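Asks: Quick one: the structure is below, and I'll ask about it shortly.
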Amino acid sequence: MTTPFTAMFRYFADDEFRGSSPAYFTLADALANDPAPAEPLLAAPPTQRRALLLFAAVQFLLRGAARGHPLAAYYPTLGGRRAPDAGLLAAFRDLTGEFGAELAELCATRRTQTNEVRRAAVLRPAFALAAAGRPVTLVELGTSAGLLLLTDRYGYRYRYGNGREVRAGRSDGLVLDCTVSGDGWSEPAAADLTVADRVGLDLAPIRPGDTAGADWLRSCIWPEHTARVERLDAALAEVAARPPRFVRGDMVEALPDVLAAVPADTVPLVFSYAAVTYLTDEARVRLVETLARVGARRELAVVLTEAAYAGVRLFDRETSVGERGGPAYAHWRTGAPTVLHLGHGTPHGDELSWSPTPVRWRPVGDASGRPARSPAGDRAAGPA
Ligand SMILES: C[S@@+](CC[C@H](N)C(=O)[O-])C[C@H]1O[C@@H](n2cnc3c(N)ncnc32)[C@H](O)[C@@H]1O
């Protein structure tokens, strides 16, 4: 096993899992010293050889082929109650030894995937702003299982630092908590939101009834984060009850046809959360060109909740606003769009700082012809 594996597990142990997942911290810490049980990761493409992929693959087996294995006792998300001890690494070694081929297959074919429903709490006020009381057709770029397309179907509890609370959306069913700060908050979340239609674009959508897909989403959640699994399951049930339309394919390629089919009596509202970041610089330029072309012909609202290079700087390549990332908002009514950087949402949507700030319409690939490059530091700053 090579040194990069050692460094990679050390990074995940110290910078990602410490303080957030005792089980994964213990495993990554041990694998940094002896990465041999991580050998199945070598089947993954080089850029995917990360602790998260191996650990998700192991959890996936614990939900299926390795159900009942003693390792599950350390996973609260699987009903386990044991705190990490010497038996954790022994059980992990046992499972990776017995299921090495299955793990290699999963590492070769799967990608870690997050569909975090709490992100809807960050999107909800942006959607209300775009809709202004009119029906919208939601079009999500990189929708995964489509959970964010049901943003109008959840309840919200927005809490301020001073203890004040604003409720929005449904009062029955799944309620999402979000802490709000920022001087521009004028309770936009409480506004009505009517969704006429919902369409999700993804290279690999997870449709209702895809039990392996749903299990993979659950398996990508860290073992102690039981509330996230509960939220995921509640949201998956909501999607199953009201399935959006899914379009399998590249978001940039598929978008023009999807927008052309949106009826004239609804406002198309294109949005993304942690998805445009996966495109190449050139594809991001083509995305903005498509949006501008459609916006020149009809009303169009767009909310990109991304790192700055994949969000606000697509609309204003010169801006220094929004260095911490989205949501960035552009709304075409007539002529050039109104563009705002709305604030900052945490990667999992538990916090929203709302301070809408106007920026200019100086899109990437426009006058300068230069796409917004994606500096490595920026990648860490946005939602993932
Ligand atoms: C990190 S997930 C985010 C899912 C969801 N937006 C959320 O916030 O919970 C990114 C999604 O983008 C999809 N994706 C990545 N590149 C894509 C592309 N070129 N076209 C369509 N979907 C893409 C992935 O398959 C994945 O489901």
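What follows is calculated from the coordinates using simple rules that are stated; it is not laboratory data. Owing to the predicted nature of the structure, the values given are computational and were not obtained by experimental measurement. Positions of Cβ are generated from backbone atoms using ideal geometry, with glycine treated the same way; all protein chains shown enter the neighbour counts.
Asks: 5 Å is the cut-off here: which amide hydrogens, built 1.01 Å from N in the peptide plane, fall below it relative to SER181, excluding neighbours closer than 5 in sequence?
Replies: LEU352, SER353, TRP354
Asks: Provide the per-residue ³J(HN,Hα) series for the range 160-165, in order, calculated from phi with Karplus coefficients 6.51, -1.76, 1.60 and θ = phi - 60°, each as a whole number of Hz, with x at glycine and proline positions.
Replies: Along the range 160-165, the couplings run 9, x, 7, x, 5, 9 Hz.
Asks: Taking amide hydrogens as modeled 1.01 Å from N in the peptide plane, which residues meet the under 5 Å criterion relative to PHE246, leaving out close sequence neighbours?
Replies: GLY200
Asks: Further, regarding this structure: Taking θ as phi - 60°, what are the ³J(HN,Hα) couplings along the range 287-297 by the Karplus curve (6.51, -1.76, 1.60), each to the nearest whole Hz, with x for Gly and Pro?
Replies: Running phi through 6.51 cos²θ - 1.76 cosθ + 1.60 with θ = phi - 60° gives 4, 5, 4, 4, 4, 5, 5, 5, x, 6, 9 Hz.
Asks: How charged is the neighbourhood of VAL58? Take every other residue with its Cβ under 14 Å from the Cβ of VAL58, and add Lys/Arg as +1 and Asp/Glu as -1.
Replies: Here the charged neighbours net out to 0.
Asks: Placing unit charges on C-beta atoms (Lys and Arg positive, Asp and Glu negative, everything else neutral), compute the dipole magnitude of the chain about its Cα centre in debye, rounded to 20.
Replies: Here the chain has a charge dipole of around 560 debye.
Asks: A further question follows. Only residues of the range 117-157 count here: report those whose backbone N is under 19 Å from the spot 7 Å along Cα→Cβ of ASP265, or say none.
Replies: 131-138
Asks: Here's a follow-up. Provide the gained length on full extension for the span ASP257 to TYR160, in nm with one decimal, where the gain is 0.36 nm per separating residue minus the Cα-Cα distance.
Replies: In short, 30.8 nm is gained.
Asks: A further question follows. I'd like the Karplus ³J(HN,Hα) series for the range 83-90: coefficients 6.51, -1.76, 1.60, θ = phi - 60°, whole numbers in Hz, and an x wherever there's a Gly or Pro.
Replies: Coupling constants for the range 83-90: 6, x, 8, 4, x, 5, 5, 4 Hz.
Asks: Taking amide H positions as placed in the peptide plane 1.01 Å from N, state which residues far from THR143 in sequence (5 or more) or on other chains have amide H under 5 Å from it.
Replies: LEU201, ASP202
Asks: Which parts of the range 309-350 would a label at GLU299 reach, counting a residue when its backbone N lies under 17 Å from a point 7 Å out along Cα-to-Cβ?
Replies: 330-339
Asks: Using +1 on the beta carbon of Lys and Arg, -1 on that of Asp and Glu, and nothing else charged, what's the dipole of the range 86-157 about the Cα centre, debye to 20?
Replies: The dipole of the range 86-157 has a size of about 540 debye.
Asks: Please report how far the C-alpha centroid of the range 239-275 lies from that of the range 316-366, rounded to the nearest whole angstrom.
Replies: If we compute the Cα centre of each part, the gap is 20 Å.
Asks: A further question on this structure: Which of the peptides 80-87, 320-327 is most tightly packed, and how do the rest follow, going by the mean number of other Cβ atoms within 10 Å of each residue?
Replies: The densest-packed peptide leads the list: 320-327, 80-87.
Asks: If you place +1 on the Cβ of every Lys and Arg, -1 on the Cβ of every Asp and Glu, and leave all else neutral, what size is the dipole of the range 227-307 about its Cα centre, to the nearest 20 Debye?
Replies: 140 debye
Asks: Still on this structure, please answer the following. Name the residues of the range 109-124 whose amide N is less than 17 Å from a point 7 angstrom out from the Cα of HIS225 along the C-beta direction?
Replies: Correct set: 111-122.
Asks: Which net charge results when you count Lys and Arg as +1 and Asp and Glu as -1 among the other residues whose beta-carbon is under 10 Å from that of TYR154?
Replies: So the surrounding residues net to +3.
Asks: Across bins of 10 angstrom width beginning at 0, how are the C-alpha pair distances of the chain distributed, in whole percent?
Replies: Taking every Cα pair in the chain, the percentages come to 5, 23, 31, 25, 13, 3, 0.
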